[in-house]
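Everything on this sheet refers to the single structure shown next.
The values are calculated or read from the model by the stated rules, or taken from the named source; none is laboratory data. Values in this document were obtained by computation on a predicted structure and should not be read as measured data. Every residue, glycine among them, receives a Cβ derived from its backbone with ideal geometry; neighbour counts consider all protein chains shown. Keep in mind that these areas ignore ligands, DNA and RNA; they rest on the heavy atoms of the full protein, side chains included. Shrake-Rupley method; radii C 1.70, N 1.55, O 1.52, S 1.80 Å.
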Amino acid sequence: MISLMSDIRIATRNLRRNTKRTLVAVLTVSGGVIAFLLAGGFIDWTLLNMREDTIHSQLGHIQIVRPNYFEKGIADPYRFLLPSNAQEQSIVATTPGLRTLSSRLAFSGLLSLDEGTVPFIGEGIDPELERPISSRINIIAGQDLRDRKERAILLGEGLAKSIGAKTGDTVVLLATTANGSANAVEVVVAGVFSTSSKEFDDNALRLPLDIAHKLMRVDGATSWVVLLDDTSKTKSAVDYLSASLPPGKFEIVPWDNLADFYNKTAVLFSRQVEVVKLIIGLIVILTISNTQTMSVLERTTEIGTSLAIGLRNRVILQIFLLEGVLIGLAGGILGIGLGYLLATLISAVGIPMPAPPGMAHGYTGEILISIPIALDAIALALTTTLLASIMPAWRASRMNIVDALRCNQ
């Protein structure tokens, strides 16, 4: 330990001997760290925002359905109905971290206004219980549903445009009931909504659960939707429900099993972060390697003298490696400080973003600097500078003493 501390002091003094070159090396590393933090922080914010939009506009944290509902129940929801006021529902209500529990009835049919008719995918909901789950649904015209008995509907933005409906219009919903007959109801368009999914907005409508029951002539729901107070509790809640509910009667599906678009986007963005990290790492390695090589050439005589008086090759190697690590540490800390400051300023202004594929509206982005990404940035700085120092340090430790002493003569 004493020897290591001594080597660190020697390495620090060596770096201070040529402050300009050391400063350039530190700024290079900090620039790479800043670039990584800004790119990774923007992607982290985007994924976090997309995740919460997906949970709080469509899926909730957990959906409880009959087994195989998501494979077969979309075409025939009547075979997979959950009972109303079931004992199991009270068990679900005891889930640790539960914020709200809502019932949904999914169905499909035809929407008519004047001479126009278009197909739709509908959700019967309890507006009061559903409100926390749907907190990120944007009502862009009119108002939200008020209670489960109201004869009104919310139309997705794309669906409203396709049929030309606006707030206050009376429309007709036509659907096939459980016994195979047709049934229709007249409802008033209370409002128009948009979510983070353009495909959902183009096909979906929502109406109070009691009106959906009358239209479908059924009682019950196709799913129970659980919203927790923290997304990180999803796995523990799934484990609790799996142990509490009767086996084989229910399927407990966490949100990430249903969020196909989010999962694919997360994989794509993760690969982009790795590419950015690789590019930054290569730039830092080439720059620091060149800096260290110049330092070795300038100190050739000094290295030869050190070897001549008995300093071991291992110590020479260690000192140059420590110089690289100190450059990486200083550049990493400086980069995190400046990166956090820049991220805060940029987030305060906002990053105007156009509508990405699958979304109808653009958004204002921000940069989220989290502890994991900051630690990743430090690791990147230390790893790249250490790798960049290996070859110059190896050459310095393997110098021929006589050739090194005659270098500047």
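Quick look at the values:
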| item | result |
| --- | --- |
| Answer residue from segment 113-131, given it is open to solvent by less than 30 Å² (accessible area, probe 1.4 Å) and outside any helix (DSSP H, G or I) and is farthest from S84 (Cα to Cα) among those | G116 |
| Helices (runs of 4 or more DSSP H) contained in segment 152-251 and holding at least 1 residues open to solvent by less than 10 Å² (accessible area, probe 1.4 Å) and closer than 22 Å to P83 by Cα | 209-216, 234-244 |
| Selection from segment 384-398 of residues that are closer than 11 Å to I288 by Cβ, surrounded by fewer than 22 Cβ atoms within 10 Å (Cβ to Cβ) and hydroxyl-bearing (S, T, Y) | none |
| First in segment 17-29 and in contact (Cβ under 8 Å) with a residue 24 or more places away in the chain and part of a helix (DSSP H, G or I), second anywhere and among the β-branched types (V, I, T) and open to solvent by 30 Å² or more (accessible area, probe 1.4 Å), Cβ under 8 Å, 6 or more apart | A25/T287; T28/I283; T28/T287 |
| Which numbered condition L338 fails, given (1) at pLDDT 75 or above; (2) closer than 23 Å to F42 by Cα; (3) crowded, with 18+ Cβ neighbours inside 10 Å; (4) touching a helix residue (DSSP H, G or I) at 6+ places or on another chain (Cβ under 6 Å) | (3) |
| Subset of segment 84-101 [open to solvent by 70 Å² or more (accessible area, probe 1.4 Å), within 17 Å of E130 (Cα to Cα) and part of a loop (DSSP other than H, G, I, E, B)] | N85 |
| Count - residues of segment 275-301 that are modelled with pLDDT under 85 and either farther than 15 Å from P392 by Cβ or surrounded by fewer than 16 Cβ atoms within 10 Å (Cβ to Cβ) (or both) | 5 |
| Yes/no for L268 being open to solvent by 30 Å² or more (accessible area, probe 1.4 Å), out of contact with any helix residue (DSSP H, G or I) (no Cβ under 6 Å at 6 or more places or on another chain) and either closer than 29 Å to G41 by Cα or assigned to a helix (DSSP H, G or I) (or both) | yes |
| In segment 80-99, the residues that are over 32 Å from the mean Cα position of the chain (by Cα), within 12 Å of L241 (Cα to Cα) and touching a residue at least 60 places away in the same chain (Cβ under 8 Å) | E88 |
